[in-house]
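Here's the structure we're looking at; comments come further down.
The values are calculated or read from the model by the stated rules, or taken from the named source; none is laboratory data. This structure is a prediction, so every number in the text was calculated from the model and none was measured. Note that each Cβ is placed from the backbone with ideal geometry, even for glycine, and that neighbours are counted across all protein chains shown. These area figures cover heavy atoms from the full protein model, side chains too; ligands, DNA and RNA do not enter into them. Shrake-Rupley method; radii C 1.70, N 1.55, O 1.52, S 1.80 Å.
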Amino acid sequence: MPPTPRSITLDDLAAALAANAGASRRVVALAGAPGSGKSTTAKRLQCALTETYGIATQIVPMDGYHYDDAVLAQLGRSDRKGAPDTFDVIGLKTTLTRLAPAFQTEPVAVPVFDRGLELSRAAGRLIDPATRLVLVEGNYLLLNDQPWSQLQPLFDLTIMLECDAQILRKRLLTRWRDLEYSLADAQQKVDGNDLPNARRVLADSSAPDYFLIHADAVRLAGDAKRPTAFKGKTT
């Protein structure tokens, strides 16, 4: 039986990662539903590790592996952009393999998603060989389904953020409204795509090593018992 995931605060997570940082690079997964605060959390964690502990840390966003809109149109999946089957998962796996401790002799270029333009910028960020901690953030990093489940052995530590549905919906509506979508169109984006994707994350993800306690969440990791929404971690 897999161990019950523990809860942890951001400050304690940063301290634990710093205490275990050594010459060998570590790759950490930060997973969660859309709107749960993954990008903000990753940036805060990077800042703490870099500025407080002096640990060279960089972020690899899963969103950089979005299929382009032209590809989604060919696949008939334009209305479901952001669903698990609209990402280049094997491309992400290849990048994670290159970022493994055995390959630290040259920079690795990774794509970065430009939310304002709704497209990925190829080679938008370089992961320097001196990077000791790589934070990979994205919705489906712990998804049990193929091909996503192929990623899990590449992570040294896995973290999950959970967030109350009402908070998620509010954040997601704000995201689309900030991109100048009408209220009706923003609601359609959230209810027709974002929230179904969020439910998929909660229903079909493996149990993480830790649940991250987040001040804005109604319940991110409040008790030590694994939520029934999460299945056992695959091995």
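Some points to look at:
- Residues of segment 84-108 satisfying the condition of being open to solvent by 70 Å² or more (accessible area, probe 1.4 Å) and within 21 Å of R125 (Cα to Cα): I90, T94, R98, A102, F103, T105, E106
- Among residues of segment 124-169, those that are in a loop (DSSP other than H, G, I, E, B) and either without any contact (Cβ under 8 Å) to a residue 24 or more places away in the chain or surrounded by fewer than 16 Cβ atoms within 10 Å (Cβ to Cβ) (or both), counted: 7
- Qualifying residue in segment 9-17 (condition: open to solvent by 60 Å² or more (accessible area, probe 1.4 Å) and not hydrophobic (A, V, I, L, M, F, W, C)): yes
- Odd one out for R121, checked against (1) buried (at least 16 other Cβ atoms within 10 Å of the Cβ); (2) touching a Pro at 6+ places or on another chain (Cβ under 7 Å); (3) of a type in the set (K, R): (1)
- If you filter segment 44-83 down to residues that are charged (D, E, K, R) and over 21 Å from V190 (Cα atoms), you find that the one that is most open to solvent (accessible area, probe 1.4 Å) is E51.
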